[in-house]
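Note sheet for the following structure.
Since every read-out is calculated from the coordinates, none of them should be taken as a lab result. Please read all numbers here as calculations on a predicted model, not as lab measurements. Glycine gets a Cβ as well: all are built from the backbone with ideal geometry, and neighbour counts include every protein chain shown.
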Amino acid sequence: MKLLDKPKIIIPIFFVLAVIVGVVSYRFIGQTPVVTLSDSSTSTVQSESTINSVDLSFPKSGRLAEVSVVVGSQVKKGDTIASLDAGDSLGAVNQTKGALELAKAQYASLNVQYANAKLQQDTLVSNAHRTLLSSGLSAVAKSTDTNTSASVVDNNSAPQISGTYTCDKEGSYEIAPYASGATSGYSFLFSGLEQGTGNVAYYTSQTLGSCGLYILFPVGYSSSNVKWVVNIPNMKSSGYAANKNAYDLAVATRDQVLNQLEANLGKNGSSDANVAQASVDAAQGAYQAALAAYKNNLIIAPIDGVVTFLDSHLKIGQSVTANKTVITIANK
């Protein structure tokens, strides 16, 4: 009896074969093949799960100084696994690194010098400005009564202004006394640079705002129809011109000193004057070049893997030919 004459047997067999073919096709069809080079340099086509290998060589000739692996050694990406005698190259690296550190230290020193100079010059300018704003301050009468002469009131009743003006904003205070229940019978409002109130006192100076100024009214002050104006700075004072010149000179000196230091640091946009930064950049370039030259004496693992080939002629003290494969690493 032929097998085909028994459909109850043949149908299940074909079904099983179809399932097997389907599984195999699903697993392998459509996957990208991977080409790797074996130790004999012959090409083979395998699936993605096949281990890839990397052939390594020295980019220059030289005498072998060290090899730290054998066939079967596990290596990590970045490990130095072999090196040539590189005394001169290593010396150049150390020398240029020292020059770079020196250039950076000099640049840092200039930064410190700049910071100290800026602090000093800003203090001088600030002090000159304080003197300009605080010197010769006085209250000038501003009558609110058309029948009252402001000059007469000013001569007899002007309050005294003292203290050091500690704020930077320029402008004026307007002081308006008024009758109140205070001991002296008067209080005052002030506005302008600051706003607030106070009581007229005859023997003790009262604070005028929060910028360091004080006001003292003359004994028996009894005028509520006059306002007093205190200008900051007082351009009519006898010392104003000298103080203004001193302030302007301090600003000009600060600008000159800091501009020169900024030029040395390259902070003012002048690339040709950036001496310190140029020195750092040059030293950095020399160091990088020396480091690159030194690395030509090394074989560094580019991947994690296992050493699968080691040139049998790779012995300490032996000469090595450039670009000849001496080590092969296979992916884990």
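Taking the Cα-to-Cβ direction at residue 57 and at residue 229 and moving 7 Å from each Cα, how far apart do the two end points lie in nm?
9.2
Report the full-extension gain for the segment residue 184 to residue 113: residue separation times 0.36 nm, less the Cα-Cα distance, to one decimal in nm.
Stretched fully, the residue 184-residue 113 segment lengthens by 19.9 nm.
Quote the relative contact order of segment 183-332 in percent (integer), defining contacts as alpha-carbon pairs under 8 Å separated by 6+ residues. Working shown, then result.
Values: 116 pairs, mean separation 14.6, N = 150.
Across segment 183-332, relative contact order equals 10 percent.
Run the simple label-point estimate for residue 120 and residue 95 please: 7 Å along Cα→C-beta, distance reported in nm.
Label-label distance for residue 120 and residue 95, simple model: 3.8 nm.
Between residue 304 and residue 288, what is 0.36 nm times their sequence separation minus the Cα-Cα distance? Round to one decimal in nm. Each step should come with its number before you reach the end.
On the way: separation 16, 0.36 × 16 = 5.76 nm, distance 2.60 nm.
Gain on stretching residue 304 to residue 288: 3.2 nm.
Please report the relative contact order for segment 188-263, taking Cα pairs under 8 Å with a sequence separation of at least 6, and give it as a percent rounded to a whole number.
Reported relative contact order: 15 percent.
Once you have the Cα-Cα distance between residue 249 and residue 167, take 0.36 nm times their residue separation minus that, and quote the gain in nm to one decimal. Numbers along the way, then the final one.
Working: separation 82, 0.36 × 82 = 29.52 nm, distance 2.06 nm.
Roughly 27.5 nm would be gained on extension.
Return the equivalent ellipsoid semi-axes of segment 209-332 as a descending list in whole Å, where each equals the square root of 5 times an eigenvalue of the C-alpha gyration tensor. List each step's numbers first, then the result.
Working: eigenvalues 1302, 97, 18 Å².
Ellipsoid half-lengths, sorted descending, are 81, 22, 9 Å.
Do any of 76/97; 76/295; 142/236; 97/315; 77/315; 142/169 go past 25 Å between their Cα atoms, and which?
76/97; 97/315
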